[in-house]
Amino acid sequence: MAELEISYNGVRIDGEIDVSAFVYEAHAWGSLDWAEASFPDPEGRWARWAPRAGDTVSARLGAARTGPMHVTRARRRGGTVDIRAISAPPEMTAPRWRSWDTVRLHQLCEQIAEECGLRCELYGVDDRLYGQVIQGGTGDARFLARRLAMEGASLIVFDGRLAVVSGEWIQRQAPIGSIALGSGPGVELADRSGSAWGGCRVAAGPFAGEFRAGPGPLLHRALECPVSGDAEAARFARGLLRSANRDAAAVLVRRAEGLGWLCAGGVAALSVDGDPSWSGPHVVEKVRHDFVAEVSSAAFARFLEGY
């Protein structure tokens, strides 16, 4: 059995504390990873570290690890210390008001990463040129996630890195592992593809554009951000359609053992005994590791084709 390692502000402390709960959830589609932990502390040993917002906490159990997580809340509840943390530094969630003229997407990503003390990594994302970009009172993480969704991409903040990843690029990657799934109560095949959007139409000021991938209803999106013309609106429609449909067909696995190697944004090869038509490569869109129970839950999205 693997040993649970916990560090606080970069120092190993698992030999000095007890842990009653430590859950870490990671996301592929732009939401920030988060962790919640509870530490029984009837003797007040945590007073030595004086936990507060802005500290870092991390956990590792075998192949599963959180990387440094930034504490957003630390409180004592009776004889227990409760901590909540996210994968991004605090400045990445603080609201900002600013704008850029004639700026490229890679420049935006690299600037935001540098300002937040992160290393920027780009995977399969075209360096689009924008006439104007406005950040109107949202945090960097939400602002960038929305911009990337229009380009069919997402951000993943993990272990001091801001990874900007194209959904199509993810689907071109080799699986990081294989999973054989039975038909027990812990496995659900969630197929909403019959009601998936067939196309998207974007309207922004005097410009409009449409992208259609197949049959199905048309998604209408009105954008408040500046758009340079009909062609850019059509490109945004393609990205937003992918974002709207990317979890239309998913395999859900709950509280399974041996899945600590899963990471959000990777690809896993599934073998589904109950319905072989679901077998094949899937994007790991979300994974939750329970470090105390030593089980994992995950959502695997079927690949999108044609866009």
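The values are calculated or read from the model by the stated rules, or taken from the named source; none is laboratory data. Keep in mind the model is a prediction, meaning the values are calculated, not measured. With ideal geometry, Cβ positions are generated from the backbone for all residues, glycine too; neighbour counts draw on all protein chains shown. When the accessible area is computed, the model is the full protein with side chains, heavy atoms only, and any ligands, DNA or RNA have been set aside. Shrake-Rupley method; radii C 1.70, N 1.55, O 1.52, S 1.80 Å.
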Next on the checklist: Can you match volume of the Cα convex hull per residue in Å³ to one of these, [x] 141; [y] 290; [z] 131, based on a calculation from the structure here?
Outcome noted: [x]
Checklist outcome for this item: Taking every other residue with Cβ under 14 Å from the Cβ of residue 115 and scoring Lys and Arg +1, Asp and Glu -1, one gets -1
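Please compute the per residue accessible area over region 110-264 with all protein chains in place, 1.4 Å probe, rounded to a whole number of Å².
In whole numbers, region 110-264 has 47 Å² accessible per residue.
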Checklist entry - Net charge near residue 46, counting Lys/Arg +1 and Asp/Glu -1 over other residues with Cβ under 10 Å of its Cβ? => result 0
Checklist entry - Which shape class applies to region 91-136: rounded if a/c is under 1.5, otherwise prolate when a/b exceeds b/c and oblate if not, where a ≥ b ≥ c are the square roots of the Cα gyration tensor eigenvalues? => result oblate
Checklist entry - Where does helix 105-115 land angle-wise versus the long Cα axis of the chain, in degrees 0 to 90, nearest 10? => result 30
Checklist entry - Say we join alpha carbon atoms closer than 10 Å with springs in a Gaussian network model of the chain; which of 268, 180, 248 then has the biggest fluctuation? => result 180
Item to check | Cα centroid of region 165-195 to Cα centroid of region 86-146, whole Å | outcome: 29
Checklist entry - Order of 46-55, 138-147 by packing, highest average Cβ count within 10 Å first? => result 138-147, 46-55
Checklist entry - With a ≥ b ≥ c the root eigenvalues of the C-alpha gyration tensor of region 63-174, is it rounded (a/c under 1.5), prolate (a/b larger than b/c) or oblate? => result oblate
Checklist outcome for this item: Sorted by chain and number, the residues with a modelled amide H under 5 Å from that of residue 139, at a separation of 5 or more or across chains, are 96
Checklist outcome for this item: On the accessible surface of the chain, probed at 1.4 Å with all protein chains in place, carbon and sulfur together account for a percent value of 48
Checklist entry - Is it possible to state the helix-based mean residue ellipticity at 222 nm for the chain, with each DSSP H run of 4+ residues giving -39500 (n - 2.57), the sum divided by total residues, to the nearest 500 deg cm²/dmol? What is it? => result -4000 deg cm²/dmol
Checklist entry - Once you list every other residue whose beta carbon is under 12 Å from the beta carbon of residue 291, what net charge do they have if Lys and Arg are +1 and Asp and Glu are -1? => result -4
Checklist entry - Using the Karplus equation 6.51 cos²θ - 1.76 cosθ + 1.60 (θ = phi - 60°), what ³J(HN,Hα) coupling, rounded to whole Hz, does each residue of region 164-176 give in order, writing x for Gly and Pro? => result 10, 10, 6, x, 5, 5, 4, 5, 8, 7, 6, x, 8
Checklist entry - Gap in Å between the Cα centre of region 1-63 and the Cα centre of region 216-269? => result 31
Item to check | DSSP beta bridge pairing in the chain, given as percent antiparallel to the nearest 5 | outcome: 85
Item to check | Nonlocal amide H pairs with residue 41, under 5 Å, H built at 1.01 Å | outcome: 80, 81
Item to check | Other-chain or far-sequence residues with amide H under 5 Å of residue 295's (modelled H) | outcome: 290
Checklist outcome for this item: In whole Hz, the Karplus estimates of ³J(HN,Hα) for region 184-199 (6.51, -1.76, 1.60; θ = phi - 60°; x where Gly or Pro) are x, x, x, 10, 10, 9, 9, 10, 10, 5, x, 10, 5, 6, x, x
Checklist entry - Once phi is turned into θ = phi - 60°, what whole-Hz ³J(HN,Hα) does the Karplus curve with 6.51, -1.76 and 1.60 give for every residue of region 295-300, x standing for Gly and Pro? => result 9, 9, 10, 8, 10, 10
Item to check | Loop-located GluC sites (Glu not before Pro) in region 245-301, at most 10 other Cβ atoms within 10 Å (DSSP) | outcome: 257
Checklist entry - Between 209, 78, 131, which gets the highest mean-square fluctuation from a Gaussian network model of the chain, Cα cutoff 10 Å? => result 78
